[in-house]
1. Being at negative phi, among the hydroxyl-bearing types (Ser, Thr, Tyr) and part of a loop (DSSP other than H, G, I, E, B) narrows it down to one of B:312, B:324, B:291, so name that one.
2. Give the number of residues within region B:571-607 that are part of a loop (DSSP other than H, G, I, E, B) and over 30 Å from residue B:38 (Cβ atoms).
3. Looking at this structure, is residue B:689 at pLDDT 95 or above, within 13 Å of chain A (Cβ to nearest Cβ) and buried (at least 20 other Cβ atoms within 10 Å of the Cβ)?
4. Determine which member of the set B:742, B:746 is open to solvent by 50 Å² or more (accessible area, probe 1.4 Å) and of a type in the set (Ser, Thr, Tyr).
5. Check every one of the strands (runs of 3 or more DSSP E) wholly within region B:697-764 and list those with 1 or more residues that are in contact with a strand residue (DSSP E or B) (Cβ under 7 Å, 6 or more places away or on another chain), within 12 Å of another protein chain (Cβ to nearest Cβ) and under 30 Å from residue B:60 (Cβ atoms).
6. Counting just the residues of region B:332-383 that are more than 26 Å from residue B:718 (Cα to Cα) and touching a residue at least 60 places away in the same chain (Cβ under 8 Å), which one comes out nearest to the chain's Cα centre (by Cα)?
7. Go over the candidates B:248, B:199 one by one and state the one that is open to solvent by 20 Å² or more (accessible area, probe 1.4 Å), closer than 26 Å to residue B:637 by Cα and aromatic (Phe, Trp, Tyr).
8. Go through B:19, B:111, B:116 for me and flag whichever is touching a residue at least 24 places away in the same chain (Cβ under 8 Å), among the hydroxyl-bearing types (Ser, Thr, Tyr) and either surrounded by fewer than 24 Cβ atoms within 10 Å (Cβ to Cβ) or closer than 28 Å to residue B:237 by Cβ (or both).
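The values are calculated or read from the model by the stated rules, or taken from the named source; none is laboratory data. All values reported here derive from a predicted model rather than from experimental measurement. So basically every Cβ, Gly included, is an ideal-geometry build from the backbone, and we count neighbours across all protein chains shown. Quick note on the areas: whole protein, heavy atoms, side chains included, nothing else; ligands and nucleic acids left out. Shrake-Rupley method; radii C 1.70, N 1.55, O 1.52, S 1.80 Å.
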Amino acid sequence: MTKSFFIDTTLCTACRGCQVACKQWQGLPAEKTVNKGSYENPPDLSGNTYKVVRMSEKERNGKLKWFFFPEQCRHCIEAPCLETAEDSSAIYKDKTGAIIFTKKTKDLVADDIISACPYNVPRVAKNGILTKCNMCVDRVHNGLKPACVKTCPTGAMQFGDRSTIVSKANKSLAKLKRKSSKAQLIDQKDLNVIYLVEDNPKYYFKNAIASYKYEGITRQMAIRKIFRPLTNIIKAVERIG
Amino acid sequence: MTNHWIDIRNSDCILIMGSNAAENHPISFKYVTEAQQKGAKLISVDPRFTRTSSKADIYGGLRSGSDIAVLGGMIKYILENKLYNKEYVANYTNAPFLVNRSYKFKNGKFSGFDQSKKKYDKKKWGFKTDSKGVPSLDRSLRDKNTVFAHLKKHYSRYNLKKVSEISGVSKSKLLEIYKTYAATGKKGKAGTIMYAMGWTQHTVGTQNIRCMAMIQLLLGNMGVAGGGVNALRGESNVQGSTDHCLLWHIWPGYLKTPRASNTNLTKYNKKWTPVSHDSLSANWWGNTPKYSVSFLKSMFGEKAKKSNEFGYNWLPKVDDGKPYSWLDLFDEMYKGKMDGFFAWGQNPTCSGANAGKTRDAIEKLDWMVNVNIFDNETGSFWRGPGKDPSKIKTEVFMLPAAVSIEKEGSITNSGRWMQWRYQGPKPLGNSKPDGDIILELGQKIKSLYKKDGVFKEPIVNMKWDYETHGEFDAHKVAKEINGYFTKDVKVKGKLCKKGTLVPSFAWLQADGSTSSGNWLYCNSYTEKGNMAARRSKKDSENKIGLYPEFSWCWPVNRRIIYNRASVDLKGQPWDKKHWVVKFDGKVKDGKYVSKKWSGDVPDGGWYPMQNPDGTKRKDSKHPFIMRKHGHAQIFGPGKADGPFPEHYEPIESPLRKNPMSKQYNNPVAAVFNTDADKYAKPGSKFDIVCSTYRVTEHWQTGVMTRPQDLLMELQPQVFVELSEELAKIKKIKNGERVVVGSIRASLECTAVVTKRLKPFKIAGKTVHQAGLPWHYGWRWPDFAETGNVIEESSNLLTPSAGDPNTRIPETKAFMVSISKK
């Protein structure tokens, strides 16, 4: 059965237990970082980092907001990376709905895959393999929750069957709408990782919402490989965005 | 905590002030979130907009060190708008007590101040009593000499304008906070406070907390579910170590450490056993002799006899009036008055205020034993920055300790839950559990004393039978703490056999027939078994998350203390939905005729104060049983710095004058006078208010977290947070290395320029605030590997000035400068 995440950013305290749990379960080494004037670290997703809690300070209507956004692969329902790769031995969809990158991604054109992603998630590891969150499918197949969900103390990260998660997400949205008219579930229909935000997703993180949506290009168009040359245009759009 | 972690979810309004729960007690936020989802309001008051503030309904930014001003303003607001629970205040607190006329407050000082000794004569703050010694009172609260009247007068000065001028919180924000929190004064509503070192570490630390306790009493929030005064402890077992006499001034179970003038056991018991002449006062501390004798029996076993005062004089006494706390010990050490020191599970060269003084002090020792799981800045102080090993005489011994999961035993969490833990992996290499290290040390010292010890009785006679098969046995110690019957005795008509475990402290005796290492824990390990090891997930009948059979909680498994204040005079709960206890005795002709309390273990099982028909009962007791007079103290005559909290400026302040009174600092604050103790004066180049704090990603001085790559990745370097406005003035760019200086030292760190700090308008001038985490130190990560960039402890900057009651240092409000590197 298809599984989904529900990430309620209004409950996230950015404790970053999820970031650490992810690395611990995936056996990923720490990066040598420096403080660049923010709590956010490592600075970006990488071959060794599949999850980064993004933090952004915004003043809205005279009130300070500190937005937290645990960034990870969205496990798209129709995944542009998979469609672009056209090679199920390199990128395939697991029975859970997880989009899985295998070692064979080393043979793909990394730039094509990365630029196909509407959220700029995949990264190239040192050995040339493309990497990202794999939904901890090894855990999920054995009845466990992904490591990040398991460790979350506030219930900001939830995981389960898609139908249950979608109904939870809709309930939380309805409740939040009463307080914040701009509340939304980001790209809900397209994704198995559903984020609830109380304000414009762009305030949270530049790649919180699919970038090409702002340029009148639909997801369906983007995933069709005849549009592959368009990836360059999308890239340019991203740079502007 | 008077309540416990899970209980936070029962609250209607959570004030997080003096703590940063989302970051420093992240799991507690599970319960905060649950409360919020049920509609509770969350208020965050902090100099800095934190991860906690980001989740709050209301955020108020205050200048470090102005908490009493803000809370005092709340008291005024509650009183003026009559938002207090009058029935509660008049019957359960000392608000109706009449205060002696010798109590006065003038120009910021209370009566009885001795300028030369810098001390108050607390006798001036007594209560008026009748001929029997029972306090005179006016439950209508109308008399001009009631505590209530004095309270009103004292806080009448804390008006919005003044409080705003001192704290920097706008008047409208203050009102919003007051209105939201004071709404919990309504019967059936509960407000809670979550505080930590942001309140304790001030020269007015104790009074910060007292001020909030007074608010909780006015609003009827003590003893109820979702209420209480809740200290978030900084380590998993801080509560346990405090209960078991980590501190110099108390024996286990908060009995007093003998003073030199308490020359024998009779004098000791007389001095520290309060006497009440009110038949309605339980005056629980009246049982002190039973607990002190049982403790001595536990220390010396068979050797403790009536004829030798149970070995009373074998235990050390402290000089009258002399403090022996952290700051005092290192002051003595700095003056060369100490020879040796055990640094056990701690890292004082990074954790203590004015860490440079501590580092120099250790140099004066002959020897130091460092017991820790890793080498740290303390054990290696002799090769630290600025030290020349060839000139240091201190001999250092390192004893490797096992980590928590490698040993069996209990921890007591903030909610007073004693939780048994089993051993996981065996200790690595030569490391040993602390229990084994102590056991072996004791055995060795005993054998040396036996041979040629001076005044050998205390050591030789000490009971030391805590091993099984040559190893430390945590069960034996846990049973010793609970206590045994030391002979066959008949108590309450029941025969108790020698060598069996005492069922609870109600059975302890002053004649040597019982032992108990800590009376508060008597009931934790009984003939029924190890109560702390229980793991039942069954909730109690009131369904408020007490889980009475999960672990064990002191006292006698009472999950919410002062719970008899959660009911009205007739024993019926203020809050019918989240009731803690209620009286379910049978009623006949308007009178209770049988005794039965339901819910939590009640604070004493007496009948309620009144019958259902409103007649008073003579067989009842006032609910605050630990107070001599049975009433909670809105007026607290036992504190070193006054019966009411008063705003004073921190020892280091940006202001030349205290806007509240002519008295600038706390007149009895602990200050020191060696050449290492310097305090910045207002008007100096140190013009930025600073506080230290923790971040989620590190723990304490970082000895356990800095060697962990995955945590260092998240928070790799010591940083200073400052506002965009201050950064502009200092021409500091976000992320660049800067130097933060205090009059004591300077520290290189990374600038985090943020909107989360804002300049304050204080007494008409702009005051900037900055903040530093204190998790770093030169030892880890190995600075040779990191290109010689040393991340040092921010405690090099903090002052050795302290609270007069606890003597905790003022690391949450001091003055610094910030400049480009």
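1. On inspection, the qualifying residue turns out to be B:324.
2. Number satisfying all stated conditions: 11.
3. On the way: at pLDDT 95 or above: yes; within 13 Å of chain A (Cβ to nearest Cβ): no; buried (at least 20 other Cβ atoms within 10 Å of the Cβ): yes.
No; evaluated as a whole, the condition is false for this residue.
4. B:746
5. Values: elements: B:719-723, B:737-741, B:746-754, B:760-762.
Where strands (runs of 3 or more DSSP E) fall fully within region B:697-764 and carry at least 1 residues being in contact with a strand residue (DSSP E or B) (Cβ under 7 Å, 6 or more places away or on another chain), within 12 Å of another protein chain (Cβ to nearest Cβ) and under 30 Å from residue B:60 (Cβ atoms), they are B:719-723, B:737-741, B:746-754.
6. Per the criteria, the residue is B:334.
7. None of the others qualify; the one that does is B:248.
8. Values: B:111 fails: touching a residue at least 24 places away in the same chain (Cβ under 8 Å); B:116 fails: touching a residue at least 24 places away in the same chain (Cβ under 8 Å).
Of the residues listed, the single one that is touching a residue at least 24 places away in the same chain (Cβ under 8 Å), among the hydroxyl-bearing types (Ser, Thr, Tyr) and either surrounded by fewer than 24 Cβ atoms within 10 Å (Cβ to Cβ) or closer than 28 Å to residue B:237 by Cβ (or both) is B:19.
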